[in-house]
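For reference, the structure is listed below as structure tokens.
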Amino acid sequence: MVKVYDYGKHISIKSKGLTTSASLGVELPLKKISSLSNTKFHSQTNGILTMEIKKLGVEILIFSNGNLIFNGAKTLEDNYKALDFLIKNLSRIEIKVKRKARLTVQNLA
């Protein structure tokens, strides 16, 4: 059981696999982001970029319109950690995100 605080509400989620989505609200230059070491650019599949965060067991699908899909996490907290990791890496390559994205649970397994 994991405790997560989101907008002042207490949420407890226990799962084997969690899929969430979010939007950063900015256009993302996928080719520039693909310069990061833990990414793969799939130009043949509608230009989707994937980022794998092995220590959290999370894979992020990154779309050029700023939409994100998080797969593989065991907890919602791991997805928030993955989101923070992504935003920190984007700032390292001078891509600024103005607002904090809110995760939406899409599927619990």
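The values are calculated or read from the model by the stated rules, or taken from the named source; none is laboratory data. Quick caveat: nothing in here was measured; it's all calculated off a predicted structure. Using ideal geometry, Cβ is built from the backbone for each residue, glycine included, and neighbour counts are taken over all protein chains shown.
In table form, for the structure just shown:
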{"read-out": "Count - residues of the stretch 27-45 that are modelled with pLDDT under 90 and part of a loop (DSSP other than H, G, I, E, B)", "value": "4"}
{"read-out": "Of residues in the stretch 55-104 being in contact with a Gly (Cβ under 8 Å, 6 or more places away or on another chain) and in a strand (DSSP E or B), the one modelled with the lowest pLDDT", "value": "Ala73"}
{"read-out": "Pair list, Cβ under 7 Å, 6 or more apart: the stretch 27-53 residue on the phi > 0 side of the Ramachandran plot and surrounded by 12 or more Cβ atoms within 10 Å (Cβ to Cβ), other residue outside any helix (DSSP H, G or I) and at pLDDT 90 or above", "value": "Gly47/Ser64"}
